[in-house]
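Novice: First, the structure itself, so that you have it in front of you.
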Amino acid sequence: MRLILHLAILSFGSVISAGAQLPASWTEPFPPHKVAGNLYYVGSRDLASYLVATPAGHILLNSSLEESVPLIRDSIEKLGFKFADVKIVLISHAHSDHCAGSAEIIRQTGAKYFVMEEDATAVEQGGTLKSRIRGDYRQFPPAKVDRRLKDGEKVSLGGSMLVAHLTPGHTRGCTTWTMQVDGLNAVIIGSPNVNPGYILVNNRDYPGIAGDYERCFRTLRALPVDLFLGAHGSYYDMEKKHTRLQITGGGNPFVDPEGYRRYVADREQAFRTELARQQAR
Ligand SMILES: [Zn+2]
């Protein structure tokens, strides 16, 4: 039973108790590639990091783990860009698998750190805030937040613009990023997942958690989408789509509005099932 629970936690990806082993796919290198226009994938096999490359420097979304920093740096350089040109760091949410590398990246590049207001304190405290799950979040090096973002706020650099959408529940400040690139609507989902151990009913540390998930799904359902992306490659079948990149004339495999809607509906169903299970207890 312990083993099964442990595996369930690992497969969910986004939260890991202290001392647990990390999935190999989180740290395994993966070929960096263009998603569309000036939007690139620079993450590992499963931990998604994105680079928005502009003439005025770059925006990096998701610093991933502390040990991810050299991998992200290599990926950026393989694409022909300079790591030192990263000017802004953004995150999907304040969990170690998406933000633990931020402090080191900022130290190396001097980039500014923009984080959704509701996750900014967790980021500045290194994940030591009281958790609402049984077990602990993995802590990460604290990093100073230069700008606290509000829902709908725009982040612009060198002619590119990302919009921060508050999609809370998974964390209070969980952020889904959107961007128009090559005439396509890119949506990078922050996380709609209810991790094992999350308390949705009578949660004293996060009283509004269930209502926040409702808001998250409302927002995700309403976003216009062409390019379906997310904080983990597994959200959008990144590996399978990446192999289709090699096929010439096959169209952009990351354009997948149907896959997006299916994924969001599936995650919403999972949330409702878990909420009903906890309400019945
Ligand atoms: Zn997470």
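Novice: Would you check if A94 is open to solvent by less than 50 Å² (accessible area, probe 1.4 Å), within 16 Å of the ligand (Cβ to nearest atom) and either outside any loop (DSSP other than H, G, I, E, B) or within 21 Å of A164 (Cβ to Cβ) (or both)? Full working, then the answer.
Specialist: On the way: open to solvent by less than 50 Å² (accessible area, probe 1.4 Å): yes; within 16 Å of the ligand (Cβ to nearest atom): yes; either outside any loop (DSSP other than H, G, I, E, B) or within 21 Å of A164 (Cβ to Cβ) (or both): yes.
Answer is yes for this residue.
Novice: Are any residues in region 86-122 hydroxyl-bearing (S, T, Y) and in contact with a Lys or Arg (Cβ under 6 Å, 6 or more places away or on another chain), and if so, which ones?
Specialist: Going residue by residue through region 86-122, those that are hydroxyl-bearing (S, T, Y) are 92, 96, 102, 109, 113, 121.
If the condition is that a residue be hydroxyl-bearing (S, T, Y) and in contact with a Lys or Arg (Cβ under 6 Å, 6 or more places away or on another chain), then S96 is the only one that fits.
Novice: Go through region 115-129 and count every residue that is open to solvent by less than 30 Å² (accessible area, probe 1.4 Å) and farther than 21 Å from H232 by Cβ.
Specialist: Looking only at region 115-129, we keep the residues that are open to solvent by less than 30 Å² (accessible area, probe 1.4 Å), and these are 115-116, 119-120, 122-123, 126-127.
Restricting the remaining residues to those that are farther than 21 Å from H232 by Cβ gives 120, 126.
Number satisfying all stated conditions: 2.
Novice: When you scan region 70-91, how many residues do you find that are open to solvent by 30 Å² or more (accessible area, probe 1.4 Å) and either hydroxyl-bearing (S, T, Y) or outside any loop (DSSP other than H, G, I, E, B) (or both)?
Specialist: Residues of region 70-91 that are open to solvent by 30 Å² or more (accessible area, probe 1.4 Å), as a first pass: 70, 73-74, 77-82, 84-85, 87.
In the following step, the residues that additionally are either hydroxyl-bearing (S, T, Y) or outside any loop (DSSP other than H, G, I, E, B) (or both) were identified as 70, 73-74, 77-78, 84-85, 87.
Count: 8.
Novice: Taking R138 and the conditions (1) open to solvent by 60 Å² or more (accessible area, probe 1.4 Å); (2) away from the ligand (no atom under 16 Å from the Cβ), which numbered condition does it fall short on, given that it satisfies the others?
Specialist: With (1) open to solvent by 60 Å² or more (accessible area, probe 1.4 Å); (2) away from the ligand (no atom under 16 Å from the Cβ) applied to R138, the lone miss is (2).
Novice: Looking at region 242-256 only, could you name the residues that are within 17 Å of A231 (Cα to Cα) and open to solvent by less than 50 Å² (accessible area, probe 1.4 Å)? Before you say what the answer is, go through the steps one by one.
Specialist: Taking region 242-256 first, the residues within 17 Å of A231 (Cα to Cα) are 242, 254-256.
Once the filter is applied, which keeps residues that are within 17 Å of A231 (Cα to Cα) and open to solvent by less than 50 Å² (accessible area, probe 1.4 Å), region 242-256 yields H242, F254, D256.
Novice: Please go through region 34-53 and give me each residue that is in a strand (DSSP E or B) and open to solvent by less than 10 Å² (accessible area, probe 1.4 Å), ordered by number. Can you show your working first?
Specialist: Residues of region 34-53 in a strand (DSSP E or B): 34-36, 39-41, 44, 47, 50-53.
If the condition is that a residue be in a strand (DSSP E or B) and open to solvent by less than 10 Å² (accessible area, probe 1.4 Å), then V35, A36, L39, Y41, S44, L47, Y50, L51, V52 are the ones that fit.
Novice: Here's a follow-up. With the checklist (1) at pLDDT 95 or above; (2) more than 14 Å from the ligand (Cβ to nearest atom); (3) not basic (K, R) in hand, flag the one item G19 doesn't pass.
Specialist: Unmet condition: (1).
Residue-by-condition table, conditions (1) of a type in the set (A, V, I, L, M); (2) within 16 Å of the ligand (Cβ to nearest atom):
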{"position": "H170", "(1), (2)": "no, yes"}
{"position": "N193", "(1), (2)": "no, yes"}
{"position": "L200", "(1), (2)": "yes, yes"}
{"position": "I209", "(1), (2)": "yes, yes"}
{"position": "C216", "(1), (2)": "no, yes"}
{"position": "L223", "(1), (2)": "yes, no"}
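The values are calculated or read from the model by the stated rules, or taken from the named source; none is laboratory data. Given the structure is predicted, the values throughout are model-derived calculations rather than measurements. Cβ coordinates were reconstructed from backbone atoms using ideal geometry, including for glycine residues, and neighbour counts include every protein chain displayed. All accessible areas refer to the heavy atoms of the entire protein, side chains included, with ligands and DNA or RNA removed. Shrake-Rupley method; radii C 1.70, N 1.55, O 1.52, S 1.80 Å.
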